[in-house]
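Inspection log for the structure reproduced underneath, given as structure tokens.
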Amino acid sequence: DVDNSKLAKLRGKKVLITAGGTREYIDPVRYISNKSSGKMGYALAKVAQENGAVVTLISANVKLPIPAGIDVIQVETVEELAQAVQTQFVSTDVFIMAAAVSDYRPVHFVDHKIKKSADSANLTLELEETTDILKSLKSRRTKQIVVGFAAETNDLLNNAKKKLDSKGADIIVANDVSQSDIGFGSEDNAVTILQHNATNIKVAKANKQIIAKKVLEVIVKRLS
Ligand code: CTP
Ligand code: CA
């Protein structure tokens, strides 16, 4: 039995969460993506909803059952994700950017299936940077508590601190994705929660539901 009383302040609050991983199409049958399963974002959505929040989940290519009582907006690409976030952000109290976003996308989309070339053993894809969705909200913030994730394979805390400073977020949840038993695709996670002018909060390896609860507890402390 989980004591959720610390999360009582979530009742009636609007919580917007992104989850999953984006896809950037190369041609009609191929895309660039990442290993995100959406489990962390879905766990956050479920725990928030169970504690009375009004949850909207923007879901990018997640193969999990749609949680009951949650509004889900399905997206595929970074542009679709950015668009959905822009529309929903204004009216939300809490925004959690848990989705793994492609940093680059192909400059040219080829409208037919690319054929194997007979005269070259190599194929070069030209990529361009995508919109940094989290960063783009910096100037649009009013009341929102903004939470980002930092997926790192090395120098976790230094890299996460840089993201806390550069992204205009209140909270960064740092995630070591170099180990296969936590992070991408797994049931468990272990995170460090970073905030400005506060001691880092280390959350030991646990089920993503438990991690979600801890992250929401930190968020709730910031709700007026
Ligand atoms: N993010 C975003 N838009 C992007 C890329 C990332 O909103 N185009 C968000 C992610 O959802 C996450 C945070 O920014 O909440 C950090 O993402 P991460 O990939 O860890 O960092 P990047 O800033 O993309 O830097 P890098 O991948 O080089 O570490
Ligand atoms: Ca990135």
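Quick notes on this structure:
- Counting neighbouring Cβ atoms within 10 Å and putting the fewest first, the residues VAL107, VAL55, VAL101 line up as VAL107, VAL101, VAL55.
- Between amide H atoms placed 1.01 Å from N, distances below 5 Å from ILE145 occur with VAL94, PHE95, all of them 5 or more places distant or on a separate chain.
- Fewest-first sequence of LEU57, LEU156 by Cβ atoms within 10 Å of each Cβ: LEU156, LEU57
- Checking the cross-link pairs LYS63/LYS161; LYS13/LYS138; LYS116/LYS167; LYS138/LYS213 against a 29 Å limit on the alpha carbon distance flags LYS63/LYS161; LYS116/LYS167 as lying beyond it.
- Degrees separating the helix 78-89 axis from the principal Cα axis of the chain, which is the longest one: 30 degrees
- Placed amide H near VAL191: partners under 5 Å, 5+ positions off or other chain: VAL203
- From its DSSP helices (H runs of at least four residues, each -39,500 (n - 2.57)), the chain gives a residue-normalised ellipticity at 222 nm of -7000 deg cm²/dmol.
- Ordering ASN175, PHE95, PHE109 by the projection of their Cα atoms onto the charge dipole of the chain, which places +1 on the Cβ of Lys and Arg and -1 on the Cβ of Asp and Glu, puts PHE95 at the extreme positive end.
- Listed peptides 129-137, 5-13 appear in the order 129-137, 5-13 once ranked by packing, highest mean of other Cβ atoms within 10 Å at the front.
- Within segment 1-96, percent of DSSP bridges classed antiparallel, to nearest 5: 15 percent
- Here the 3J(HN,Hα) profile of segment 101-118, calculated from phi with Karplus coefficients 6.51, -1.76 and 1.60 at θ = phi - 60°, is 9, 4, 7, 10, 9, x, 5, 10, 8, 8, 7, 10, 5, 5, 8, 5, 7, 7 Hz, Gly and Pro shown as x.
- Residues with amide H under 5 Å from that of ASP71, placed H, sequence gap 5 or more: VAL55, LEU57
- Sorting VAL173, VAL72, VAL146 by the number of Cβ atoms found within 10 Å of their own Cβ, with the fewest placed first, yields VAL72, VAL146, VAL173.
Values quoted throughout were computed directly from the atomic coordinates according to the rules given, and no laboratory measurement underlies them. Just so it is clear, the model here is predicted, and its values are computed rather than measured. Using ideal geometry, Cβ is built from the backbone for each residue, glycine included, and neighbour counts are taken over all protein chains shown.
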